[in-house]
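What follows is a short report on a single structure.
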Amino acid sequence: MELNEVIITKAIIDRFYAKLKDNLETDVAIVGGGPSGLVAGYYLAKAGKKVALFERKLSIGGGMWGGGMMFNEIVVQEAAVHIFDEFGVRYQKYEDNYYTSDSVETTASLTAKAVQAGLTIFNCMTAEDVMMRPDRVIGLVLNWSPVEMAGLHIDPLAMRSNFVIDATGHDTNVVRVVHKKVPGKLDTPDGKVEGEKSMWSDKAETLTLDNTKEVFPGLYVAGMAANATFGGPRMGPIFGGMLLSGEKVAKDLLTRL
Ligand code: 48H
Ligand code: FE2
């Protein structure tokens with residue numbers, strides 16, 4: 001049968017709009033498709049929750065593709081190896097407490113397994129704001145990333161969610177939006193985004209887990225955003241804390257959903 005361009009076009013439009021409409025109300029909305037957001041989405045979806053992830057860029061994976069300084073290998077500590085096993089990522093032991101994996105295999109596996117578990121990912125979409133009622137985050141305000149990049153004055157659309165996870169990495173974009181709208185109300189020592197401290201891998205990896213929690217009613221932080229929000233140090237190119245943070249935020253949210 002001859003291929004018909006109009007049917008191809010209709011197929012894309014129909015399927016995409018069905019997917020988008022189906023995700024306008026979710027249990028959890030994740031902003032950011034780096035390692036922490038992907039792992040969180042995987043565990044929530046695997047537990048049967050409705051969960052959508054919005055990623056600003058074309059590609060999913062955040063800062064994981066490039067390993068350390070574009071040496072495309074990932075390092076994790078022993079405590080995170082069970083997550084590699086869960087996602088079927090192959091790894092090798094290095095000295096006592098370190099494990100390495102190929103960063104491309106790791107990023108691709110996290111993405112594929114999360115989607116297959118039921119996570120819906122929207123790429124090229126930016127969460128530019130949140131919805132509040134009035135002192136709780138209840139959803140996201142979304143726009144196409146190219147609209148933001150081109151500086152076009154086009155109003156966004158909105159989706160509702162019982163909980164939002166800020167997994168936007170170093171930038172901590174969602175928490176910053178909330179702080180701008182209701183200054184001083186974050187559940188951090190000074191009520192504001194404390195800001196990331198200098199590199200100290202050991203301390204940072206522990207603190208990432210402590211800092212993975214609710215920072216404002218309805219809004220959780222995970223991954224690098226958790227450390228930046230609560231003033232933890234950066235850890236450099238060790239990704240165990242990011243994976244464990246995603247696992248932790250999912251576990252915590254499952255007790256509330
Ligand atoms: C939609 C957005 C928005 C927005 C940003 O940076 P990431 O990889 O995040 P994490 O926390 O899962 O992992 C951090 C890790 O990659 C890292 O940088 C480490 C371990 N650094 C240590 C160190 O010392 O430097 O991914 C965040 C994602 C990115 O893909 C952004 O494009 C996306 O979030 N994003 N998506 N709407 N408003 N803001
Ligand atoms: Fe980083």
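The values are calculated or read from the model by the stated rules, or taken from the named source; none is laboratory data. The model shown is predicted, which means the values in this text are computed figures rather than measured ones. Glycine gets a Cβ as well: all are built from the backbone with ideal geometry, and neighbour counts include every protein chain shown. Each accessible area value is taken on the protein alone, full model and side chains, heavy atoms only, with ligands, DNA and RNA left out. Shrake-Rupley method; radii C 1.70, N 1.55, O 1.52, S 1.80 Å.
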*Enumerate the amide H contacts of Val215 below 5 Å, restricted to partners 5 or more residues apart or on another chain; note that Pro and chain-start residues carry no placed amide H.*
Tyr220, Val221
*Quote the charge dipole size of the stretch 2-104 about the Cα centre in Debye, to the nearest 20; the model charges only the Cβ of Lys and Arg (+1) and of Asp and Glu (-1).*
400 debye
_Whole-angstrom gap from the stretch 77-135 to the stretch 212-257, using each part's C-alpha centre_ = 13 Å
*Once the whole set of protein chains is in place, how much accessible area is left on Thr212, using a 1.4 Å probe, in Å² to the nearest 10?*
0 Å²
*Using only helices, what value at 222 nm comes out for the chain when you add -39,500 (n - 2.57) per DSSP H run of length 4 or more and divide by the total residues, to the nearest 500 deg cm²/dmol?*
-12000 deg cm²/dmol
*asked:* Can you tell me how the stretch 99-146 classifies by the Cα gyration tensor, rounded, prolate or oblate, using a/c under 1.5 as the rounded cut?
replied: prolate
_Give the lysines whose C-alpha is closer than 24 Å to that of Lys57, dropping any in the same chain fewer than 8 places away, or say none._
Lys19, Lys21, Lys113, Lys180
_Compactness of the stretch 1-114 as Cα Rg over 2.2 N^0.38 Å, two decimals_ = 1.32
*Run the numbers on the chain and let me know its relative contact order in percent, using alpha-carbon pairs under 8 Å that are six or more apart.*
23 percent
*Gaussian network model of the chain, springs between alpha carbon atoms under 10 Å - residue of Ala117, Ala11, Ala52 with greatest fluctuation*: Ala11
_Can you give me the convex hull volume of the Cα atoms of the chain, divided per residue and expressed in Å³?_
151 Å³
*Work out the length of the dipole vector of the stretch 125-257 about its Cα centre, built from +1 on the beta-carbon of each Lys and Arg and -1 on the beta-carbon of each Asp and Glu, and round it to the nearest 20 debye.*
260 debye
*Spacing of the two label points (7 Å from each Cα toward its C-beta) at Asp155 and Met131, in nm*: 1.4 nm
_Residue-level accessible surface for Trp65, protein heavy atoms, 1.4 Å, Å²_ = 90 Å²
*When the Kirkwood radius is taken over all Cα pairs of the stretch 62-135, what Stokes-Einstein diffusion coefficient follows at 25 °C and 0.890 mPa s, in µm²/s?*
171 µm²/s
